[in-house]
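Participant: Here it is: the structure, laid out below.
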Amino acid sequence: MKPYVIGIAGGSGSGKSTFASRLKEAFPTQVSLVSCDNYYIPHDDLSLEERAKLNYDAPEALEFDLMVQHLEQLKNGQAALCPVYDFTLHTRSQSVTKIEPRPIILIDGILIFHDEALRECMDLKIYVETDADERILRRAKRDMQERGRDLDGVIDQYLSTVKPMHNTYVEPTKVFADIILNGGKNEQAFALVKTQIEQLLKDL
Ligand SMILES: Nc1ncnc2c1ncn2[C@@H]1O[C@H](COP(=O)(O)OP(=O)(O)O)[C@@H](O)[C@H]1O
Ligand SMILES: [Mg+2]
C-alpha cells in the first residue's frame, strides 16, 4: 500500500504541529512528519534585519514544488532530504533531515491547502480551527520561548502580516478540508484520527 498522507492546516498558533507530534508519539515507527515551516524560500541575499521584515504568511514565501517533490518521493517509498529552517536567523540552516518513507505521512503548515498539486498528494485533509485570540497568545509564547523573538516583534509581525494573510490566504482554504477540528479542545478529535490510523495500519 502507498503511504497515506494526512495534511494538517490551520492558522498560526492553532495547534497543528502539536496535533501532528501527538500522532507521531502515538505511532513512532509508522509515522513520518513533514513540516511546511522548513520549506520557506531562503533569502541569503538579504540582511538579517531585511529578512525579519519579509512576509512569511503568504504563499510566495514557500517552496511548494519542493514539498510536492518530497511527498511524491515518500509515496514512492524513497526517503526525502528535507531542509531545516532556522527561525532565529530567518533562513535555512546548513543541515538537512532525512525523512523516512513510512505508512503514514503527516504534513502540517498554514498554507498546505493553498497549492493544488500539494492538496492532490493528500488522502485526508484536516483544518485546525482556533480563535484568533488564542492563536496569538499561543504564538507569542512559543515565538518568545522557542524562536528567540521579543513581544514587540511578535506584535508587529502579527498585525502587519500574520493576521491579514490569515484572512486572505489561510482561512479560505478551510473549504478544502475533510475534517474541521476544534483546536481549543481536541481530545475527541485526536482519538478519532488515532482510531482511523490504527485501522489503516491494520489493513496494510
Ligand atoms: N489543544 C491545545 N490546547 C492548548 N494549547 C495548545 C494546544 N495545541 C497547541 N497548543 C500550544 O499552542 C502553541 C502553538 O502550537 P503549535 O502546535 O506550535 O501551533 P501551530 O503549529 O499551529 O503554529 C504551543 O505553545 C502549544 O503548546
Ligand atoms: Mg507549527
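Participant: Got at least one residue in segment 70-84 being within 24 Å of LEU54 (Cα to Cα), over 16 Å from the mean Cα position of the chain (by Cα) and away from ligand 2 (no atom under 16 Å from the Cβ)?
Facilitator: For segment 70-84, residues within 24 Å of LEU54 (Cα to Cα), over 16 Å from the mean Cα position of the chain (by Cα) and away from ligand 2 (no atom under 16 Å from the Cβ): absent.
Participant: Please list, ordered by first then second residue, the pairs with beta carbon atoms under 8 Å, 6 or more apart or interchain, first in segment 15-39 and in a loop (DSSP other than H, G, I, E, B), second more than 9 Å from ligand 2 (Cβ to nearest atom) and of a type in the set (Ser, Thr, Tyr).
Facilitator: Partner pairs satisfying both residue conditions: GLY15/THR130.
Participant: Go through segment 1-14 and give me each residue that's part of a loop (DSSP other than H, G, I, E, B), more than 9 Å from ligand 2 (Cβ to nearest atom) and surrounded by 15 or more Cβ atoms within 10 Å (Cβ to Cβ).
Facilitator: Answer for segment 1-14, where residues must be part of a loop (DSSP other than H, G, I, E, B), more than 9 Å from ligand 2 (Cβ to nearest atom) and surrounded by 15 or more Cβ atoms within 10 Å (Cβ to Cβ): PRO3, GLY11.
Participant: Being modelled with pLDDT under 95 and within 14 Å of ligand 2 (Cβ to nearest atom) narrows it down to one of ASP44, ASP57, so name that one.
Facilitator: ASP57
Participant: Yes or no: segment 46-56 includes at least one residue that is of a type in the set (Ser, Thr, Tyr) and either away from ligand 1 (no atom under 13 Å from the Cβ) or closer than 26 Å to ASP123 by Cα (or both).
Facilitator: yes
Participant: Being under 27 Å from GLU171 (Cα atoms) and loosely packed, with under 15 Cβ neighbours inside 10 Å is the requirement here; does ASN38 meet it?
Facilitator: no
Participant: Scan ALA79, ALA61, ALA26, ALA52 and give me the residue that is touching a Leu at 6+ places or on another chain (Cβ under 9 Å) and among the small types (Gly, Ala, Ser).
Facilitator: Testing whether each residue is touching a Leu at 6+ places or on another chain (Cβ under 9 Å) and among the small types (Gly, Ala, Ser) leaves just ALA61.
Participant: From (1) farther than 15 Å from VAL31 by Cβ; (2) out of contact with any helix residue (DSSP H, G or I) (no Cβ under 7 Å at 6 or more places or on another chain), pick out the condition that doesn't hold for ASN182.
Facilitator: Answer for ASN182: the failing condition is (2).
Participant: Next question. Out of the residues in segment 10-25 that are small (Gly, Ala, Ser) and more than 6 Å from ligand 1 (Cβ to nearest atom), which is nearest to LEU111 (Cα to Cα)?
Facilitator: GLY11
Participant: Would you mind telling me which numbered condition in (1) over 23 Å from LEU23 (Cα atoms); (2) touching a helix residue (DSSP H, G or I) at 6+ places or on another chain (Cβ under 9 Å) GLU171 fails?
Facilitator: (2)
The values are calculated or read from the model by the stated rules, or taken from the named source; none is laboratory data. If you're wondering where the values come from, they're calculated on a predicted model, not measured in any experiment. Note: ideal-geometry Cβ built from the backbone for every residue, glycine included; neighbour counts use all protein chains shown.
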